[in-house]
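*Asks:* A single structure is presented below for examination.
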């Protein structure tokens, strides 16, 4: 399997690369995102053979199609070391909870930082360590987080040989739990940078530095955000796991409701469908920052300015520039890299684009995506409903997904709602909704009282560049 860029695929500008190369690279040199030359598709017979597999076997079946430059025995060993009951609380890794007939919650937040991103980032850390050791190389990870990616990445990467992590986060705009999870880490290879701005400022800085070829080469810059294809590939696995757990026939269709900020989670569902998984609808749930909902309803992609990006009670979705959206548009244009590059020039120059009335807009209507929007009041109402009706407490992001999923579900089609995080990370909203504190794992008692280690920088590329240059792993 080789990988190309969304902005120059098939034009010889950047030769196709193997998995291990794009794993360490992050953003492509032309500013695009790495995508496989084609999606590895399972035949109906191959799909049926996956049903009885456990999570580790399923992960190998999926990931070996995309990381085929890693010897099979080595890849299986990495997977086995990653997905353990000790790390995720159960050998199921992503257990499915039936709320009622045809309504399910896919519980993917039982990892060490209580967020779904642990599933991908625990694997990514082990892949990084493996490839770097093989190449006798070092890597400086540069990332941006709106809440959960940062803590998941830092906990997975702490103490790893040859790795340093520089994580940008919007100062004062994460929950106290999320902030403390990151800033209380004292490992020498972890650097937390609080940016005076919003998440999109953090992400823009990361993309700018990742697009600086000389800087990237000099300091061996890599990525853990979902611009890294390995993150997406790892998340594809739990769509298969959820599907098989919710169905008994291999031709049965299901729909997934997915809380969406940076579009990585729901993109993994899109990839799973391209691989042959019978997904009827992917239901994109946004909060008040409804750029994606607007797009799927109208065909218009309109990026909000920093001042227009709202701070909400589902902060990990307070995003108006969804990085992985470019990968979906690449497929929507039938993998036309020239068209994608032109559309993203429009994003930079005019703040967006409009596909309504174009051939791409017509394809969008048939792409199997629907969307909806959730507000703070909706979150509170949904959290209360789930607690009263099913005795299940969910975090506010998951509540967004459930609310929109229930609105957009179809009769007779099983609906699987993907969990985002455990409610302990968002105690203020849970307390407002239910009148009591959510349960907290004993390991996190007193977390917010721990000393915190971070630096504050302006939303300025040069300032961050200077800091990374001074502290980067040689």
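Quick note: the coordinates plus some simple rules give every number you see, no bench work behind them. Only a predicted model underlies this, so the values are computations on that prediction, with no experimental measurement involved. Methodologically, a virtual Cβ is constructed for each residue, glycine included, from the backbone with ideal geometry; neighbour enumeration extends over all protein chains shown.
*Asks:* Relative contact order (percent) for segment 114-201, with alpha-carbon contacts under 8 angstrom and 6 or more residues of separation?
*Replies:* Computed value for segment 114-201: 30 percent relative contact order.
*Asks:* If eta is 0.692 mPa s and T is 37 °C, what Stokes-Einstein diffusion coefficient results for segment 94-137, Kirkwood Rh from Cα pairs, in µm²/s?
*Replies:* 264 µm²/s
*Asks:* While we're on this one: What FRET efficiency comes out for the pair residue 306/residue 346, r = Cβ-Cβ distance, R0 = 30 Å, nearest 0.05?
*Replies:* The calculated FRET efficiency here is 0.95.
*Asks:* Determine which residues of segment 272-294 fall in the zone a paramagnetic label at residue 252 would reach in this model, i.e. backbone nitrogen under 16 Å from the point 7 Å along Cα→Cβ.
*Replies:* Answer for this model: 277-281.
*Asks:* Determine, from the Cβ-Cβ distance of residue 69 and residue 161 and an R0 of 30 Å, the FRET efficiency 1/(1 + (r/R0)^6), rounded to the nearest 0.05.
*Replies:* 0.90
*Asks:* Here's another thing I want to ask about it. So what are the radius of gyration and Dmax for the Cα set of segment 31-139, in Å?
*Replies:* 15.9, 52
*Asks:* Follow-up question, since we're still on this one. In µm²/s, what is D for segment 279-319 at 20 °C and 1.002 mPa s, where D = kT/(6 pi eta Rh) by Stokes-Einstein and Rh is the Kirkwood radius from Cα pairs?
*Replies:* 192 µm²/s
*Asks:* Further question: Per 0.36 nm of contour for each residue apart, how much would the distance between residue 338 and residue 470 grow if the chain were fully extended, relative to their Cα-Cα spacing?
*Replies:* Stretched fully, the residue 338-residue 470 segment lengthens by 43.8 nm.
*Asks:* If I model segment 312-414 as equal point scatterers sitting on the Cα atoms and use the Debye formula, what is log10 I(q)/I(0) at q = 0.12, 0.17, 0.19 Å⁻¹?
*Replies:* -0.58, -0.93, -1.02
*Asks:* Note down the nm distance, to one decimal, between modelled labels 7 Å out along Cα→Cβ at residue 1 and at residue 217.
*Replies:* Using points 7 Å along Cα→Cβ, the separation is 2.9 nm.
*Asks:* Now, a different point. Bins of 5 Å, beginning at zero and ending with the bin holding the largest distance: percent of Cα pairs per bin for segment 356-424, please.
*Replies:* 3, 16, 21, 21, 14, 10, 8, 4, 2, 0
*Asks:* Also, quick follow-up: Under 10 °C and 1.306 mPa s, how fast does segment 165-299 diffuse according to Stokes-Einstein, given a Kirkwood radius computed over C-alpha pairs? Answer in µm²/s, whole number.
*Replies:* Estimated diffusion coefficient is 91 µm²/s.
*Asks:* If the convex hull of the alpha-carbon atoms of the chain is projected onto planes in all directions, what is the mean projected area in square nanometres?
*Replies:* 20.4 nm²
*Asks:* If I model segment 290-348 as equal point scatterers sitting on the Cα atoms and use the Debye formula, what is log10 I(q)/I(0) at q = 0.15, 0.22, 0.25 Å⁻¹?
*Replies:* Log10 of I(q)/I(0), two decimals: -0.49, -0.95, -1.13.
*Asks:* Report the gain in length on full extension from residue 48 to residue 445: 0.36 nm times residue separation, minus Cα-Cα distance, nm rounded to one decimal.
*Replies:* 138.5 nm
*Asks:* What are the semi-axes of the equivalent ellipsoid for segment 357-474, taken as the square roots of 5 times the Cα gyration tensor eigenvalues, largest first, in whole Å?
*Replies:* 35, 28, 12
*Asks:* For n ≥ 4 DSSP H runs only, could you compute -39500 (n - 2.57) per run for the chain, divide by its residues and tell me the 222 nm figure to the nearest 500?
*Replies:* -13000 deg cm²/dmol
*Asks:* Could you give the spread of the C-alpha atoms of segment 172-233 along their three principal axes, from largest to smallest, in whole angstroms?
*Replies:* Cα spread of segment 172-233 along its principal axes, largest to smallest: 36, 28, 26 Å.
*Asks:* Using only C-alpha positions, report the orientation-averaged shadow area of the convex hull of segment 197-273, nm², one decimal.
*Replies:* The Cα convex hull of segment 197-273, projected and averaged over all directions, gives 6.4 nm².
*Asks:* When a/c is below 1.5 the answer is rounded, else prolate if a/b is larger than b/c, else oblate, so apply that to segment 107-233 with a ≥ b ≥ c taken from the square roots of the Cα gyration tensor eigenvalues.
*Replies:* Oblate, since a/c reaches 1.5 and b/c is not below a/b.
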